[in-house]
Amino acid sequence: MSTTKTASSSVLPGKAVTNGNSNGTVSPRTSPETLTGSQITCRALEAEGVDVVFGYPGGAVIPLYDALPSAGFHHVLTRFEQWAALAADGYARATGKVGVCIATSGPGATNLVTGLANSQLDSIPVVAITGQVGQAMIGLDAFQETDITGITLPITKHNYLVQSVEDIAPTIREAFYLARSGRPGPVLVDIPKNLFQASGKYVPAAVRERRGYQPTTTPNQRQVRMAAELLNNAKRPLIMAGHGILISGAEDSFAKLVDQTGVPVIFTLLGQGSLPESHPQALGLMGMHGHRHVNRALEECDVLVNIGARFDDRATGKVAEFAPKAKVVHVDIDPAEIGKNVHTDVPVVGDARQVINVMLQEVEPRSHDAWLAWIDSQRDTALEAALEDRPDWPEPYTIIKALGQATSHDAIFTTDVGQHQMWAAQHLGLERPNRWLTSGGLGTMGYGLPSAVGAKIGRPDLEVWTIVGDGGFQMSLNELATCVQEKLDVRIAVINNGYLGMVRQWQDLFHAKNYSEVEIYGPDFVKLAEAYGATGFRVTKDSEILPTIQKARETAGPVVIDFVIEPEANVWPIVPPGASNSDMMLHRFEDH
Amino acid sequence: MNRPHLLVVMVEDHPGVLNRVVSLLRRRSINIDSITVGHSEQPGVSRITLVVPGTDDDIEQATKQLYKLLEVLKVTDVTDLPVVSHEMALIKVSAKAQHRQEILLIAQMFNARVIDASPNTLLLEMTGPEDQVDSLLAMLRSFGIRELVRTGSIAMTRGNQQISGKGLHNGVAPTVAVGAN
Ligand SMILES: Cc1ncc(C[n+]2csc(CCOP(=O)(O)OP(=O)(O)O)c2C)c(N)n1
Ligand SMILES: [Mg+2]
């Protein structure tokens, strides 16, 4: 009888945070077992340390679902496949592990598309398993056949159509390795139905060596030294903190770098949480809805060090006028990001944590008090005062502040997409890493609730809130049923303005107030919550904000709070689309 | 400066790889002037020759994006290297009796071979650099080109240098750092 080789010997270096079975070790089995393809799929998922999958059954995966009850992981039935993909995305962001979703062929698979695109644009490790029609039917336009590998080609890091039952385990192993290593991303594995039903030997797979995939994680020392030298000699340096810091788990090293160099830090939308916002050098959000002083600092800085962000246009505004006086250092694990959008003087390719650790040895202790004081003088205090003092409606600013404070800045907050998302980004006060889950690159409406489902399942120990608009909530509110079924203490703050608010704001500011198709009727969210078996509260006065938040925190099961806000409140400041960050529009006093 | 770039892309020979390469270039707004694919000297490795117009920056970005494909092993921009770059053309040209001699003379000038003939046509085969094929076509146009097919360029570096799935060997550094994501 032959002994199966343990996988660990040939496993390639992966990322620091992986699912349970991080080093790829599998216990040696004395002889390969004969199992069905479905059972092999489950074994392969177990071998990755998967503890939960989000999915929805259907014809092509019925054989797989047949094996699920005896699998060593939990299945969460979402109410729509897109929410399964986004729950997997939320789970991955909250835990640092790979999120898994499952869908059937055809409509099930195509319903995953938006969720996968979301994970692709935000570099989130997700593995999607889809059923496909039987191999004999592929290419015949069979019932529920879609070319899902063709469809998802540009929105996944990689995808596979599995060709044999023996290939299932090695493919799933490689899919997980790809999803979490290098620049993470979604990987789709399409498995024809007949392979789920076929029998084969289950051999725990090792990661195959792929010549064409060798992510650069260790930076070039000389490049790091050049970056450090720029920082050491800068008069007005700025660090732009991106998502890569969080993905690589570099928060601790990053805090040291910030303390040692004295450099002020600005955040991209997804970089928030990489340094506590209460840190004296943490300045807040940059870009389209960035704070005035942050965008002013960008205009004046002489060295800009971007760590782990891709210079998205929502962050840079008009690139030609972005950080006009700065020498730019760009740290990214993906060489294709260097120089793609913004001219880079010193490129550093590598894992953010490794880069920062090398950088720590090269940077001199400095402080930048005068520069920090200047930036501070650029704060829009008029706006802050105006926001504080609007007693007639529950003020979005007050609601967001209250949510941050009531939860001691330790809860996970997910958001939907729109004005409420930007208010949250500006005012939550994010203190801890991996507590801020928002759809940055794709801007996927509907993200809020499903991502909260994934986050709560992944981190049952943490309080989980989602801040949603009345529009986005109406896209994915069917996940309330999932929350009730799974007994999830998810708290939903609906920022209800009766409008597709962000679109209305653009129509207000850039289309002469032509409010075309943005008024949106919604149900009574309190009754709706009750109909689902959840709890609902409504807030119509400033004074009710905090007490209601507290009541929600003490209620078991999902809770919806309907915060009825001023319909035409706007997000300030705003950089008009296509304009330079320096041309931001500050608030209009007549609004307040 | 916008100019045609000649890229040699070594890829794992798997189903769907060509689709991934072409789809990626489309997605990044890179136009393809010509593409040829075939086996290389290494089993399991195919060699793609691409002619793509763009600035040096465009092509560097496209190259980096190509490296992100799992099956792409090596991308070499040979535009400014000493290379042999040839394509093949089959040309069916109208050749009435009174023009035949003249056409044959032109064909001779370009080292084009006559593959087939009929009372009214000649079928020529020419292999050579793209601009020479263009010149031959220009010379033949007035006679009437009935049918034309061109393969697109294939390229190989001259001398001792060697492009393989692992890199470009013998003293010439790869144009872009290897590294995929
Ligand atoms: C799936 C999807 N469709 C459309 C949009 C465009 N969009 C961005 S914000 C927004 C309005 C969102 O309205 P709501 O959820 O009520 O949030 P608010 O802006 O009012 O806070 C729309 C329609 C989008 N981002 N995603
Ligand atoms: Mg709204």
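See the values below:
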read-out: Cut-off of 10 Å, at most 12 other beta carbons, DSSP loop: longest stretch of chain A lacking such GluC sites (Glu not before Pro); value: A:210-516
read-out: Per-residue average of Cβ from other chains inside 10 Å of B:67-78; value: 4
read-out: Those residues of the range A:194-231 for which accessible area with every protein chain present is at least 50 Å² below the isolated value (1.4 Å probe); value: A:ARG210, A:ARG211, A:GLY212
read-out: Per-residue [θ]222 nm for chain A (sum of -39500 (n - 2.57) over DSSP H runs n ≥ 4, rounded to 500); value: -10000 deg cm²/dmol
read-out: Rounded D (µm²/s) - chain B, Kirkwood Rh over Cα pairs, Stokes-Einstein at 25 °C, 0.890 mPa s; value: 137 µm²/s
read-out: Cα extents of the range A:7-202 along the three principal axes, largest first (Å); value: 43, 41, 27
read-out: Carbon + sulfur, % of accessible area of chain B - ligands and nucleic acids excluded, 1.4 Å; value: 52 percent
read-out: Surface accessible to a 1.4 Å probe, per residue, for the residues of chain B, Å²; value: 51 Å²
read-out: Once exposed loop chymotrypsin sites (Phe, Trp or Tyr not before Pro) are cut out (DSSP; at most 12 other Cβ, 10 Å), longest piece of chain A; value: A:144-520
read-out: Rounded accessible area of A:MET288 (nearest 10 Å², 1.4 Å probe); value: 20 Å²
read-out: Descending semi-axes in whole angstrom, ellipsoid equivalent of the range A:221-377, from the Cα gyration tensor; value: 19, 18, 15
read-out: Evaluated over the range A:128-283, the Cα radius of gyration and Dmax, each in Å; value: 22.5, 67
read-out: Ellipticity estimate at 222 nm from DSSP helix runs (n ≥ 4, -39,500 (n - 2.57)) divided over chain B, nearest 500; value: -8000 deg cm²/dmol
read-out: Shape call, the range A:120-188: gyration tensor on alpha carbons, a/c limit 1.5; value: oblate
read-out: Taking the convex hull of Cα positions in the range B:90-160, its mean projected area over all directions (nm²); value: 5.0 nm²
read-out: Chain A - percent of accessible surface contributed by carbon and sulfur, probe 1.4 Å; value: 51 percent
read-out: On Cα atoms only, tilt of A:221-233 relative to the major axis of chain A in degrees; value: 10 degrees
read-out: For A:331-338, mean number of other protein chain Cβ atoms within 10 Å; value: 5
read-out: Cα radius of gyration and Dmax for the protein assembly as shown (Å); value: 29.4, 101
read-out: Computed E for B:ASN111/A:LYS527 - FRET, C-beta separation, R0 56 angstrom, nearest 0.05; value: 0.10
read-out: The range A:392-498 - Kirkwood radius from inverse mean 1/r over Cα pairs (Å); value: 13.6 Å
read-out: Kirkwood Rh, angstrom, the range A:386-572 [1 / mean 1/r, Cα pairs]; value: 16.2 Å
read-out: Charge tally in the Cβ shell below 13 Å around A:GLY472, where Lys, Arg are +1 and Asp, Glu are -1, A:GLY472 excluded; value: -3
read-out: Size of charge dipole - the protein assembly as shown - debye, nearest 20, with Cβ of Lys, Arg +1 and Asp, Glu -1, no other charges; value: 1920 debye
read-out: Cross-link pairs beyond the 18 Å C-alpha cut-off, checked among A:LYS401/A:LYS527; A:LYS157/B:LYS64; A:LYS157/B:LYS68; A:LYS235/A:LYS325; A:LYS97/A:LYS157; value: A:LYS401/A:LYS527
read-out: Length-normalised contact order for the range A:460-592 - Cα pairs under 8 Å, 6+ apart - percent; value: 26 percent
read-out: Overall form of the range A:97-219 per C-alpha gyration tensor (a/c, 1.5; a/b vs b/c); value: oblate
read-out: Accessible area that becomes buried as A packs against B, both chains, 1.4 Å probe, Å², nearest 100; value: 1900 Å²
read-out: Cα-based helix-to-principal-axis angle, A:165-180 vs chain A, degrees rounded to 10; value: 20 degrees
read-out: Accessible area in square angstrom per residue, the range A:7-202, 1.4 angstrom probe; value: 31 Å²
read-out: Rounded tilt (10° steps) of B:97-109 against the dominant C-alpha axis of chain B; value: 40 degrees
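The values are calculated or read from the model by the stated rules, or taken from the named source; none is laboratory data. Small disclaimer: the values here were computed from a predicted structure and weren't measured. Here the Cβ is made from the backbone with ideal geometry for all residues, glycine too, and neighbour counts use every protein chain on show. The protein model used for the area step is the full one, side chains on, heavy atoms only, and it has no ligands, DNA or RNA in it. Shrake-Rupley method; radii C 1.70, N 1.55, O 1.52, S 1.80 Å.
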